[in-house]
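The values are calculated or read from the model by the stated rules, or taken from the named source; none is laboratory data. These numbers come from a predicted model, not from an experiment. When we count neighbours, we look across all protein chains shown, and the Cβ atoms used for this are built from the backbone with ideal geometry, even at glycine. We work out accessible area using only protein heavy atoms, side chains counted, and drop any ligands, DNA or RNA first. Shrake-Rupley method; radii C 1.70, N 1.55, O 1.52, S 1.80 Å.
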Amino acid sequence: MVIKVFLASSSGSTAIKKKQQDVVSFLDALKVDYTELDIACNEQNRMWMRQNVPEEKKPSNGIPLPPQIFNEESYCGDYDTFFDAKEDNRVYTFLGLPPPPGSKEVPVEERNGGSHREEEEGEREGEGGEAEDEETEGDTALAEEEDEEEAEGEEDNEEEAQAEEEEDQEREDLRSEEEEELQQLEEDEEE
């Protein structure tokens, strides 16, 4: 599967440039294979992108701005949906790709080998009291581990909330710049 990122190499908007760079940098960091397709220099790329962004995802003027992300022919989303997926640690799902082993997107049970737990419990049921003791110890250890993870998560929540507020403000600023760029593009197209 090939991820296609539609970009504008000669955009005058700093907001669009920042969004494009954010997407490309993050995909590079994840070592995701992707292809950059320039809509500024290639009319075919521009028309294909505009035709394949679903109507409900297009802005009110009907002209989607870069970056737009596709998996082959399947629309993944724009910067805002990419950003949300990134914040939720769901980028692979957003891209329609299987998460790599050990990814945060892999359920905890799979990472800890929990998929075998049901089989083990079924085997232990017929063994008597000793298996029940082992199961209780295992459940206690698992519960303690979950409690520790939850406590760490609460500490991180405050920092994440502050970072999220800052990012929301940045996104709002970028949207304003994007609207200005959109007006400029419309004016350019009218000329």
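At a glance:
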read-out	value
With all protein chains modelled, accessible area of K58 [1.4 Å, Å²]	40
Solvent exposure ordering (accessible area, 1.4 Å, most first) of E72, E36	E36, E72
Region 15-23 - phi-based ³J(HN,Hα) in whole Hz, Karplus 6.51/-1.76/1.60, Gly and Pro as x	4, 5, 4, 5, 5, 4, 5, 4, 4
Karplus-derived 3J(HN,Hα), 6.51/-1.76/1.60, for each residue of region 54-62, Hz, glycine and proline x	x, 3, 5, 9, 7, x, 4, 7, x
In sequence order, calculated HN-Hα J values of region 89-98 (Karplus, 6.51, -1.76, 1.60; Hz; x Gly/Pro)	6, 10, 5, 5, 5, 4, 7, x, 10, x
Spin-label model distance (nm) - D80 vs K104, 7 Å beyond Cα toward Cβ	2.3
Accessible surface of D38 - all protein chains present, 1.4 Å probe, nearest 10 Å²	40
Amide hydrogen neighbours beyond the local backbone of L37, cut-off 5 Å, H modeled	V5, F6, L7
With all protein chains modelled, accessible area of S60 [1.4 Å, Å²]	130
Three-way shape call for region 1-76 based on the alpha-carbon gyration tensor, with the a/c threshold at 1.5	oblate
